[in-house]
Each structure stands twice: as structure tokens, then as C-alpha cells.
1. Mind telling me which of the residues His104, His108 ends up being in a loop (DSSP other than H, G, I, E, B) and within 13 Å of Pro57 (Cβ to Cβ)?
2. What are the residues in region 221-236 that are in contact (Cβ under 8 Å) with a residue 60 or more places away in the chain and in contact with a Lys or Arg (Cβ under 9 Å, 6 or more places away or on another chain), if any?
3. Kindly indicate which of Ala73, Ala163 is under 28 Å from Met232 (Cβ atoms), more than 19 Å from the chain's Cα centre (by Cα), at pLDDT 95 or above and among the aliphatic types (A, V, I, L, M).
4. Give His104, His31, His108 a once-over and let me know the one that is in contact (Cβ under 8 Å) with a residue 40 or more places away in the chain and farther than 26 Å from Lys224 by Cα.
5. Does Ala202 count as farther than 28 Å from Gly112 by Cα, of a type in the set (A, V, I, L, M, F, W, C) and either within 16 Å of ligand 1 (Cβ to nearest atom) or over 19 Å from the mean Cα position of the chain (by Cα) (or both)?
6. In region 237-262, how many are away from ligand 1 (no atom under 14 Å from the Cβ) and without any contact (Cβ under 8 Å) to a residue 40 or more places away in the chain?
7. When region 162-184 is examined, which residues are found to be touching a helix residue (DSSP H, G or I) at 6+ places or on another chain (Cβ under 7 Å), more than 10 Å from ligand 1 (Cβ to nearest atom) and not polar (S, T, N, Q)?
8. Which one of these is within 15 Å of ligand 2 (Cβ to nearest atom), modelled with pLDDT of 95 or more and touching a helix residue (DSSP H, G or I) at 6+ places or on another chain (Cβ under 9 Å): Val207, Val245, Val215, Val196?
Amino acid sequence: MDTEKKLELEQKCQQFRNDLIDILYDIQTGHPGGSLSCTEILTTLYFDVMNVKPENPKWDKRDRLILSKGHAAPMLYLNLAEKGFFPKEDLKTLRQLGSYLQGHPCVHKTPGVELSTGPLGLGLGAGIGMALGEKLKGNDSYIYVILGDGEIQEGAVWEAAMAGNKFKTTNCIAILDNNGVQLDGTNEEIMPLGDVGAKWAAFGWNVITCDGHKVEEIEEAITKAKAEKERMSIIICHTIKGKGVSYMEGRNTWHGKAIGGEEYKLAKAELGGQKSE
Ligand SMILES: Cc1ncc(C[n+]2csc(CCOP(=O)(O)OP(=O)(O)O)c2C)c(N)n1
Ligand SMILES: [Mg+2]
């Protein structure tokens, strides 16, 4: 990745973090922690890696993104709006009754959303199925599935892990937002995952690790994953839940909580942003 691209992506991430705080403060609901954690992952995918056509969201040869940790929907919507899938002004209708921007992604309502998610554990299986479909059609598109680390405590994830290697759907790449924290506590407190990389490797997967807040590392990891044609690949991104807002970082209490007035001011000061119009 050249310096110019890196800078462009970093600026977008900063803007998205600012806009996220504005929107979630305005609506007094939503999930800040998990959205801030996968900001660089989503932004690198949409603005450097994926082949999509916002003017034709169902274009047959498009790459697809499944946000399996569906509660991070606000950060997905910020990316989709910036990309041009729908007007940015609609972002303020997030989580409102009747809005097409619901609290969790809905494939039937929102342009650019590929799978309805929210119930955790289902995205990888669906992604592998989509990847198989694309292979059968002779399309060389990729399916990217973003998983949460708490999410992978779900048994269905490991069924999908086995299926992926059976069907050799290497056009499906898993990306783990490995922030160490879930809703009610740390993973260690709720359900220890042990050596996550060793677990995926034991299921036959090619394991790649990177800093999930460094856009250039994410891009490099995706390039490596694409080059692997025999084994399924998972990119384990080391991330911080709530990244960018000091009092949210690493805290499960900011998984899904309304932002107060003083908290809003502090977050905006730290992110250095004005409110977008
Ligand atoms: C099957 C299922 N069980 C429980 C929940 C409630 N829930 C929503 S998010 C979450 C924690 C997820 O943690 P993680 O996957 O680590 O996400 P992140 O830290 O990236 O926000 C839980 C338990 C759910 N949505 N689906
Ligand atoms: Mg987590």
C-alpha cells in the first residue's frame, strides 16, 4: 500500500469514528465498542480491496462482505454511505422505526448489505455457501466474513470451519476482530478461547495475524490470504474494543450503551473532530 492510500484510509477511519460518536450520541442507543474495533478492517475492505458497484449493488460479479458480528452495523453503514450505496443524510435515521438502517444489518432493506446478521455464529457458514455458489457460477469474486471473538464461541462457527476445508472455498476469507472482549466481560472471564490461532490451524486453516488498526497490515494480510489456494484462510486481527475513545477502550461496558453529554464532549475532543453536517 502506498503512503497516499494509507493516509486516505486513515483519514476516513478518523472521520468514521467521529461520525459514529455523533450519530450514536444523537440517537442515544447503539453499539460503539464493536464498531470502533472493526473500523480499519471495514474501511480497508471497502476502500482498498473490494470490487463493488454502489450504483448496481446486486452486480453479479461483486465481492461480498458479511458482517457476522452484526451489532457493528453503524460502522458498516458509515462505509456504505461513504461508498455511495445510499445518502449520508439517512445515517441519522439509524435504529429508528421504519428506517432502512436498522440496529443490525438487513439484506432486504439496505443496499450493500449481503446478509442479515445479529444472531451471532451464522455468517461464516453463509459466507462459505455464497463462496461455493460463486465458484459454481465461475465468478472469481471473494466473500469476506468479519467475525467477533466472542462470536466464535458459537458451535456453528466450527461446523463452518470444517465445511470450508471440505469444499475448499478459498474465495471466502474469514477476518477475526480479536479484541479480547465480548458483551458481559472479557472472553477470558466468559468463555476462554485459549490459543485461537492454534484452534483454527487444527481445523486445517491457514492462519494469518496482523494489527487490526493498521490499514497497511490488513491489506497485506488479505493479499496473503488470497494467495493461499489450498487451505481456507483466517486473518486474526489484533484489535481494541472501543479503539480511539480512551474511556471505551477494552471495556465491555461500552459494548452497547448510550453516550452521555460529558462523555460525548470527551470523545469528540479525543477524536479531534467537528460534527459533520
Ligand atoms: C446467538 C447470539 N447470542 C448472544 C447475542 C447477544 N450478543 C450480541 S453482541 C455479543 C457479544 C459479542 O462479542 P464479540 O463477538 O467479541 O463482538 P465485539 O467484541 O467485536 O463487539 C452478544 C453476546 C447474539 N447477538 N447472538
Ligand atoms: Mg470481541
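The values are calculated or read from the model by the stated rules, or taken from the named source; none is laboratory data. As the structure is a prediction and not an experimental result, all values here were calculated from the model. Please note: Cβ atoms are built from the backbone with ideal geometry, for glycine as well, and neighbour counts cover all protein chains shown.
1. Values: His104 fails: within 13 Å of Pro57 (Cβ to Cβ).
Of His104, His108, the one residue that is in a loop (DSSP other than H, G, I, E, B) and within 13 Å of Pro57 (Cβ to Cβ) is His108.
2. Selection gives Glu230, Arg231, Met232, Ser233, Ile235.
3. Working: Ala73 fails: more than 19 Å from the chain's Cα centre (by Cα).
Residue meeting the stated conditions: Ala163.
4. On the way: His104 fails: in contact (Cβ under 8 Å) with a residue 40 or more places away in the chain; His108 fails: in contact (Cβ under 8 Å) with a residue 40 or more places away in the chain.
Checking each option against the conditions leaves just His31.
5. Numbers: farther than 28 Å from Gly112 by Cα: yes; of a type in the set (A, V, I, L, M, F, W, C): yes; either within 16 Å of ligand 1 (Cβ to nearest atom) or over 19 Å from the mean Cα position of the chain (by Cα) (or both): yes.
For Ala202, the condition - farther than 28 Å from Gly112 by Cα, of a type in the set (A, V, I, L, M, F, W, C) and either within 16 Å of ligand 1 (Cβ to nearest atom) or over 19 Å from the mean Cα position of the chain (by Cα) (or both) - is met.
6. Final tally of qualifying residues: 5.
7. Ala163, Gly164, Phe167, Cys172, Ile173, Ala174, Ile175
8. Numbers: Val207 fails: within 15 Å of ligand 2 (Cβ to nearest atom); Val245 fails: within 15 Å of ligand 2 (Cβ to nearest atom); Val215 fails: within 15 Å of ligand 2 (Cβ to nearest atom).
None of the others qualify; the one that does is Val196.
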